[in-house]
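The values are calculated or read from the model by the stated rules, or taken from the named source; none is laboratory data. Please read all numbers here as calculations on a predicted model, not as lab measurements. Here the Cβ is made from the backbone with ideal geometry for all residues, glycine too, and neighbour counts use every protein chain on show. Quick note on the areas: whole protein, heavy atoms, side chains included, nothing else; ligands and nucleic acids left out. Shrake-Rupley method; radii C 1.70, N 1.55, O 1.52, S 1.80 Å.
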Amino acid sequence: MTKANTTVKAAYPILTLVLAMLLLAYFYLQSQADLLAFYSVPEIIYRSPMPEAWVMLFIAVAWLELRAVLRRREQQQLLLDKANQQIEELLANKKQLNTKAHVYANHADKLKLFISDKLLEYIEYDEKFLHFKSIASEVRHNGVISYDKVTSLLQSAMDQLASEDERYSELKDARNSLRFLWDLLDLSTADNIALHIANQVCESEELLFQSELNDDSAPLVNKPVFDAKSVLLNALARCFGSNPLLDEDGSIHIEDQSHVHIQCSPAEPLLGNENHIILALENIINNAQFFTGRRGSRRVQRLARIAVQLDQSGDYIRYRVYNRGPHIDEDNALKLFQLGYSTRRVKQHHGKGLGLYFVNEIVKGYDGVLSFRNIYNQSDTLSLRLELDSGEIITDMIEVVVEDGVPQCRKTGGDSLDEQHQWPLSGALLSVEITHQSDQKTHRILADQLTQKRFYDPVQSAFPRWCLSMEKPNSLTFMPLDTAGVSFQIKLPSVTARLEGDLLDTDEEHMDQQIAKLTTQFKSLED
């Protein structure tokens, strides 16, 4: 709205009024001969054309002043219309502001309700957590004697039985379960889990150093160390309800769990309490179980896998668990391991935000590193060479294209994308050679290797990029697999690293994450 800069005043026709009075006096004197004689008025002023001239002058002045009045009235009307328009704009703006105020007030009320609900939720969560800790502390305080009695009785019963006895195995499982429960209770009641574990690790280090200095010839299992592989097997057994089975080639599988891929490489023992690492692995594997099969189509669900890997990098033991969960963005990466934050944010299910927090605290207590990386689908071009017993050789180029995050395939030069590509075979298949253009590695698959009806990418056996199958006779099918997910890694120092005191982490990726985190904190301080 703009303010009027000029004003037009209404002018009174003074000149016309004066001339009218003079003209009246003039004609009045003309009609009074006595007055003319008394005042000696010259007769010339009454002779023609003086009266007509005075009348014409009056008419001209009156017309000019009337025109000026009408012009000023038009200007006043324009100003009045402009003022009315400004008033209407002001009322419209006021109405719009009132509407915005009501909308923002409603939004503010909704935001207040949302914040209050969240505060109540967090307060309720904190109260429940503190209540749980107080109950656990009471149980721990009053259960020490009972725990010692039960473990002593179990150990005494085990000593009276031979290790081959079936009851011996049952008693051992009961004792281990009780110890696991007690260690979980011990961690849940600690004020600082990482510091509490670090103190226990220091005590184990002291026993280990004493054993080394005294040249103790006792077997390694009698020292405060545990096998990295047995920890993984125990965690898998707790997650899937059945003990993992060892194959003749040394590989591990779980009965009725074909979607679980397990790789174990030789690794040194670890120092400390194995139940802590079992608890950490159990939480991460449970997350993988939750996310497996939740994404994508039925084809993706049927081929979704959980990959668990154990290996050693230098003096560090690495546990890696791949799951089909959603990618973790940079904003959530900073609060992923905070208490109360959960990655399980789906309909009708919200996590408690305790699992990854406990895992991170346990790993920090062992001077280890807990990290993750997002796994993405990659486009690629593959060359396939099929050799048949009839002497026919089929050579094709297959393009793997990622559309909307899901990999699809097509023959080179083709237009349509499909979930799979199929070759009809005129004879028995002898071998298949498949080459990735990305790494120029060729893999040769013989016919007897396809007897399982499925052959997965041997380079990435944990989360394979493709699958070859012969589910139909005289037909070979190539299917790109959706590998998008998240891989969590627990990196722990081995006994050798503890003895040599080399606990400085040299993982460049982890260091970059820590530097980025510190940089973000300093930026927030600057802001």
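What to note about this one:
- Accessible surface, segment 155-281, averaged per residue in Å² (probe 1.4 Å): 56 Å²
- Residue order by solvent-accessible surface for T151, T412 is T412, T151, largest first, with ligands and nucleic acids left out and a 1.4 Å probe.
- At most 16 other Cβ within 10 Å, DSSP loop - trypsin sites (Lys or Arg not before Pro), segment 440-498: K441, K453
- For segment 353-448, the solvent-accessible area works out to 49 Å² per residue, with a probe of 1.4 Å and every protein chain left in place.
- Student exercise, segment 1-119 dipole from Lys, Arg, Asp, Glu Cβ charges, in Debye to nearest 20: 1000 debye
- Trypsin sites (Lys or Arg not before Pro) within segment 29-83: DSSP coil, no more than 10 neighbouring Cβ in 10 Å: R47
- For I362, the solvent-accessible surface computed with a 1.4 Å probe is close to 0 Å², ligands and nucleic acids excluded.
- Cβ-defined net charge surrounding F488, 12 Å radius [Lys, Arg +1; Asp, Glu -1]: +4
- Sparse-neighbourhood loop sites, GluC sites (Glu not before Pro) in segment 361-414 - DSSP loop, at most 12 other Cβ within 10 angstrom: E392
- Taking Cα centre as origin and charging only the Cβ of basic (Lys, Arg, +1) and acidic (Asp, Glu, -1) residues, the dipole magnitude of segment 354-460 rounds to 300 debye.
- Net charge of neighbours whose Cβ lies under 11 Å from the Cβ of A198, counting Lys and Arg as +1 and Asp and Glu as -1: -3
- Taken about its Cα centre, segment 388-429 carries a charge dipole of about 100 debye when Lys and Arg each add +1 at the Cβ and Asp and Glu each add -1 at the Cβ.
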